[in-house]
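Okay, structure first, notes after.
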Amino acid sequence: MEKVLFLHSSNDGQTIKIFKHIEEQLGSEYQCEVIDLHQSPNIDFSLYDRILIGAAVRYGHLNKKLYQFIDQNRKQLDESKVGFFCVNLTARKEGKNTPETSAYMKKFLLKSPWVPTLQAVFAGALRYPRYNLLDRTMIKLIMKLTGGETDTSKEVEYTDWNKVSEFSAEFKRF
């Protein structure tokens, strides 16, 4: 049985939900462990056969703790089988939902000293009723500017689960 480590930098839980889907797709021959990257864990990468990092964008940025983790673990990242995916609402649009076309993935690759071999970009979820007033207001403004949903009574999941399943199969072959 292969041991897989899932490291997440999540804001509202959609990244974790994507990990759960990937785990289901991997099947019983994989033992998966999920760890919150924000807890600055000291991880022995040699205990795992492969690692997947998933990070969500909030207000146009990935969490700074993701970059700190990469800086602290760069050697292990370079020596291990590690994939990376980015979750953001812009990826709901065709032409902005691949590593090559996502502004957030491009920004990550420019800012990070580590370049993951396996990369993906997934659309996230909009959870207006769960946000505090400031987040709800700011996200509504951003969605208005980008032609997205502005009804704050709604929750909308934009994640393309078929795309996540395809990535899961790619991660298995990785």
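Things to note:
- Residues of the chain: accessible area per residue with a 1.4 Å probe, Å²: 52
- The slack between S165 and K3, meaning 0.36 nm per residue of separation minus the straight C-alpha distance, is 56.4 nm.
- Whole-percent carbon and sulfur share, accessible surface of the chain, 1.4 Å: 49
- Largest accessible area first, the listed residues I35, I18 line up as I35, I18 when surface is computed with a 1.4 Å probe on the assembled protein chains.
- Using a simple spin-label model with pseudo-atoms 7 Å out from Cα toward Cβ, V115 and D36 lie 3.4 nm apart.
- Sparse packing (at most 15 other Cβ atoms within 10 Å of the Cβ) combined with a DSSP loop state is found for the following GluC sites (Glu not before Pro) in the stretch 1-91: E29.
- Positive-end ranking of V121, S80, S102 along the dipole of the chain, with charges on Cβ about the Cα centre, is headed by S102.
- Scalar couplings 3J(HN,Hα) for the stretch 162-168, obtained by applying the Karplus form with A = 6.51, B = -1.76, C = 1.60 to θ = phi - 60°, are 5, 5, 5, 5, 4, 5, 4 Hz; x denotes Gly and Pro.
- Inter-part distance, the stretch 61-100 to the stretch 1-57, computed on C-alpha centroids, equals 13 Å.
- These residues, S153, S80, go from largest to smallest accessible area, 1.4 Å probe, as S153, S80.
- Computed accessible area, K154, all protein chains, 1.4 angstrom probe, square angstrom: 90
- Largest first, the three principal axis extents of the alpha carbons in the chain are 46, 32, 29 Å in whole numbers.
- Accessible area of R136 (1.4 Å probe, protein heavy atoms only, ligands and nucleic acids ignored): about 60 Å².
The values are calculated or read from the model by the stated rules, or taken from the named source; none is laboratory data. Values in this document were obtained by computation on a predicted structure and should not be read as measured data. Neighbour counts are summed over all protein chains in view; Cβ atoms, including those assigned to glycine, are modelled from backbone coordinates with ideal geometry. Surface areas here come from the heavy atoms of the whole protein model, side chains and all, with no ligands, DNA or RNA. Shrake-Rupley method; radii C 1.70, N 1.55, O 1.52, S 1.80 Å.
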